[in-house]
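Undergrad: Please see the structure below; I have some questions.
The values are calculated or read from the model by the stated rules, or taken from the named source; none is laboratory data. Keep in mind the model is a prediction, meaning the values are calculated, not measured. Ideal geometry is used to build each Cβ from the backbone, glycine not excepted, and the neighbour counts take in all protein chains shown.
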Protein chains: 2
Amino acid sequence: MKLRVRDIGEFGIIDKIISLIDGPETPYGMGDDCAFLDFGKEGIAVTTDMVAESTDIPPGMKPQEIGWYAVAINISDLASKGARPLAFFSSIAMLPETPVNFIDALYRGMRDCCSEYGCYIAGGDTSRGKELMISGTAIGRVRREDFIPRKGARVGDVIALTGELGLPALGLDILLGRKKKRCKRAIEALLMPKPRVKEGIYLAEKHLCTSSMDTSDGLASSLHQLAKASGVGMEIDFDLLPIAKEVKSYTHDDEELERFILYTGGEFELLLTMSNEKFEEASKKLNIKKIGIVKDAGINMKKDGAIKELKDKGYTHF
Amino acid sequence: MKLRVRDIGEFGIIDKIISLIDGPETPYGMGDDCAFLDFGKEGIAVTTDMVAESTDIPPGMKPQEIGWYAVAINISDLASKGARPLAFFSSIAMLPETPVNFIDALYRGMRDCCSEYGCYIAGGDTSRGKELMISGTAIGRVRREDFIPRKGARVGDVIALTGELGLPALGLDILLGRKKKRCKRAIEALLMPKPRVKEGIYLAEKHLCTSSMDTSDGLASSLHQLAKASGVGMEIDFDLLPIAKEVKSYTHDDEELERFILYTGGEFELLLTMSNEKFEEASKKLNIKKIGIVKDAGINMKKDGAIKELKDKGYTHF
């Protein structure tokens, strides 16, 4: 039988690709959120992320929001490494019958998100395609000694998180008509995510973290990925999770609540590990919450006095 | 009437996009083959180029060749600025039913092209899409004073070209069944283009050129673009054009010959302008030919004693 992409899934494909690559021994590259390229005193973090109409764009999303989103997901990867956004590049495939106004609004959205985070659109490419497809590459400045890798978490470290959980998932259910409530904050969290650039740069420059990534694949999947990179386990505490109040009130049971806060992608918070002492220091300046502790093994959640395993599921493309 | 992308064409869309961008005043950026980012002593050239199955991939092209091609077109942009390839990033959209072997071969092709030109695959993204779509970003090292821009051609400069003309167009006609001849060199020129990296770096480091770009949109279109960037005209001489011998013998009339050498994309030679003196110096080391002279205005070709206008047509996506 011929093995197909859907049989091995997104992470299977990524592992396959990594096994084929024979780049130099770099400090950070494949498998991290950004590659690091060293220029002596300075260095850059580089990341690339793609948005496809049929997969990533919820119904009713406006072109300006799509543009914002395509930039924000890339900038979030820079933020998770502590890099300062410098330049953005986009390749866009589109149908020939796409209205020019649509492209105009799309680029305004990209430009607005770039300006918001101190970078600019420095280049791009356009092509015809069977659907709208935006591939972005973001470049940020960061010194080698400041770059926060995925690998580095130590047993006993605090697991910390910026912001709140669950709003993008709630927003998606509202857009899909599965929730009848209105919630502006949830829709905005989904359609116009605000990457944690300020937080990432602060944490990096002060050398406060042992590892970091963003939660774009959902919290549970991110915990699995971060733990795997460092060869450790993670235990979070349900009672410590910073769940948005609307998410608490609009979900009808614990199963739904857990789906929203653990297993849905589109969240762009920073998931961090750091010593207890550094966490105390960081939390004086930044809105970050302790949500658990790095353990020897296992990805678990403490809830109602019991420890339960967190499944490695979240958003994947196949 | 609603204006659509196909109504204004690829260059219309690009002009539209450039008008929306409000980046800083950079020495080279939008409108050049690469953006330049300055890090003091060092700098980088960055380019992004996309390959879509339905538009850019001729019938029968193997996955390994597609991978090579996706890297080569980006490296060619670096070469045209004199940048030394450093790292490559790819975002790939694919159908879930894509065989894993296909992806494997695709990445081997990308890896081979990267190694050939001294760089490596440093990162990427995968996504589901309605067709195979590869967006690549290449980063190369180049010092600010070495970067060869598109803008800079001066009236009286020699117009020079690396390599030979017409093979990729011949290869395409063979693959499409429009030519019954076999020609391995033509097929290879089309499917596995060899960017002029060595030539570009030499020309840049010796400061031999006043402007440069690659001929990926075809020679006529490239002459128009290069002339427009510098506000000059171009006059090439048909008798000086380095036409591949197979192209001469396999085309049945002058109209077809001109289509092959002037109006077909997929050629990755460097189109250069330089002083007569520098051309003499460069041609001692490199296989480059003088094909014309930079003029005040007009894009023309001298042929059989007459001057005729070269149409601004070539490969575009819409």
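Undergrad: Scan (1) over 19 Å from residue B:116 (Cβ atoms); (2) surrounded by 21 or more Cβ atoms within 10 Å (Cβ to Cβ); (3) modelled with pLDDT of 85 or more for the single condition residue B:53 breaks and write down its number.
TA: (2)
Undergrad: Moving to a separate point now. Given the criterion surrounded by fewer than 19 Cβ atoms within 10 Å (Cβ to Cβ), closer than 18 Å to residue B:301 by Cα and in contact (Cβ under 8 Å) with a residue 12 or more places away in the chain, identify the matching residue among B:226, B:240.
TA: None of the others qualify; the one that does is B:240.
Undergrad: Which residue is farthest from the other protein chains (Cβ to nearest Cβ), if the candidates are limited to the stretch A:1-17 and must be over 18 Å from residue A:312 (Cβ atoms) and either assigned to a loop (DSSP other than H, G, I, E, B) or touching a residue at least 40 places away in the same chain (Cβ under 8 Å) (or both)?
TA: The extreme case among them is A:1.
Undergrad: Any idea how many residues of the stretch B:121-164 are among the hydroxyl-bearing types (Ser, Thr, Tyr) and more than 7 Å from chain A (Cβ to nearest Cβ)?
TA: Going through the stretch B:121-164 one residue at a time, the tally reaches 1.
Undergrad: Give the number of residues within the stretch A:21-49 that are at the interface with chain B (Cβ under 7 Å from one of its Cβ atoms), at pLDDT below 80 and buried (at least 16 other Cβ atoms within 10 Å of the Cβ).
TA: Number satisfying all stated conditions: 4.
Undergrad: Let me ask another. Looking only at the stretch B:69-102, count every residue that is surrounded by 24 or more Cβ atoms within 10 Å (Cβ to Cβ), in a helix (DSSP H, G or I) and in contact with a strand residue (DSSP E or B) (Cβ under 8 Å, 6 or more places away or on another chain) and tell me the total.
TA: 12
Undergrad: Which pairs do you get when a residue that is more than 7 Å from chain B (Cβ to nearest Cβ), found in the stretch A:92-104, comes within reach of a residue that is modelled with pLDDT of 90 or more, reach meaning Cβ atoms under 6 angstrom, with the pair 6+ apart or on two chains?
TA: A:92/A:134; A:102/A:63
Undergrad: Another one. Among the residues of the stretch A:164-172, is any surrounded by fewer than 24 Cβ atoms within 10 Å (Cβ to Cβ), at pLDDT 95 or above and within 17 Å of residue A:288 (Cα to Cα)?
TA: Taking every residue of the stretch A:164-172 in turn, at least one turns out to be surrounded by fewer than 24 Cβ atoms within 10 Å (Cβ to Cβ), at pLDDT 95 or above and within 17 Å of residue A:288 (Cα to Cα).
Undergrad: Can you tell me which of B:251, B:210 is farther than 22 Å from residue B:200 by Cβ and β-branched (Val, Ile, Thr)?
TA: On the way: B:210 fails: farther than 22 Å from residue B:200 by Cβ.
On inspection, the qualifying residue turns out to be B:251.
Undergrad: Oh, and also: Any residue at all in the stretch B:68-86 that's at the interface with chain A (Cβ under 8 Å from one of its Cβ atoms), out of contact with any Ser or Thr (no Cβ under 7 Å at 6 or more places or on another chain) and among the aromatic types (Phe, Trp, Tyr)? Break it down stepwise before answering.
TA: Taking the stretch B:68-86 first, the residues at the interface with chain A (Cβ under 8 Å from one of its Cβ atoms) are B:86.
Checking the rest, the ones that are also out of contact with any Ser or Thr (no Cβ under 7 Å at 6 or more places or on another chain) come to B:86.
Now drop any that are not among the aromatic types (Phe, Trp, Tyr), which leaves none.
No, there is no match, as no residue in the stretch B:68-86 is at the interface with chain A (Cβ under 8 Å from one of its Cβ atoms), out of contact with any Ser or Thr (no Cβ under 7 Å at 6 or more places or on another chain) and among the aromatic types (Phe, Trp, Tyr).
Undergrad: Quick one: would you say residue B:266 is free of Cβ contacts under 8 Å to residues at least 60 places away in the same chain and out of contact with any Lys or Arg (no Cβ under 8 Å at 6 or more places or on another chain)?
TA: no
Undergrad: For the stretch A:185-206, which positions are over 16 Å from the mean Cα position of the chain (by Cα), over 24 Å from residue A:258 (Cβ atoms) and surrounded by fewer than 18 Cβ atoms within 10 Å (Cβ to Cβ)?
TA: The answer is A:202, A:205, A:206.
Undergrad: Quick check on my filter: what residues within the stretch B:111-120 are crowded, with 19+ Cβ neighbours inside 10 Å and either touching a residue at least 60 places away in the same chain (Cβ under 8 Å) or more than 9 Å from chain A (Cβ to nearest Cβ) (or both)?
TA: B:113, B:117, listed by residue number.
Undergrad: Inspect all residues belonging to the stretch B:219-226 and state whether any of them is over 30 Å from residue B:7 (Cβ atoms) and either over 17 Å from the mean Cα position of the chain (by Cα) or assigned by TED's automatic domain parsing to the domain that holds residue B:185 (or both).
TA: No: zero hits.
Undergrad: Also, quick follow-up: So, residue B:245, is that one outside the structural domain of residue B:34 (by TED's automatic domain parsing), surrounded by fewer than 21 Cβ atoms within 10 Å (Cβ to Cβ) and farther than 22 Å from residue B:172 by Cα or not?
TA: In short, no.
Undergrad: Looking for something touching a Pro at 6+ places or on another chain (Cβ under 8 Å) and more than 18 Å from residue B:179 (Cβ to Cβ) - is there at least one such residue anywhere in the stretch B:260-268?
TA: yes
Undergrad: Here is a further query. Could you list, in sequence order, the residues of the stretch A:290-311 that are among the small types (Gly, Ala, Ser) and either buried (at least 19 other Cβ atoms within 10 Å of the Cβ) or in a strand (DSSP E or B) (or both)?
TA: A:292, A:306
Undergrad: (1) buried (at least 23 other Cβ atoms within 10 Å of the Cβ); (2) small (Gly, Ala, Ser); (3) more than 17 Å from the chain's Cα centre (by Cα): which one isn't true of residue A:231, the others all being true?
TA: Only one criterion is unmet by residue A:231, namely (1).
Undergrad: Right, another one. For the stretch B:103-127, give me each residue that is under 15 Å from residue B:53 (Cβ atoms) and part of a helix (DSSP H, G or I).
TA: If the condition is that a residue be under 15 Å from residue B:53 (Cβ atoms) and part of a helix (DSSP H, G or I), then B:103, B:105, B:106, B:109 are the ones that fit.
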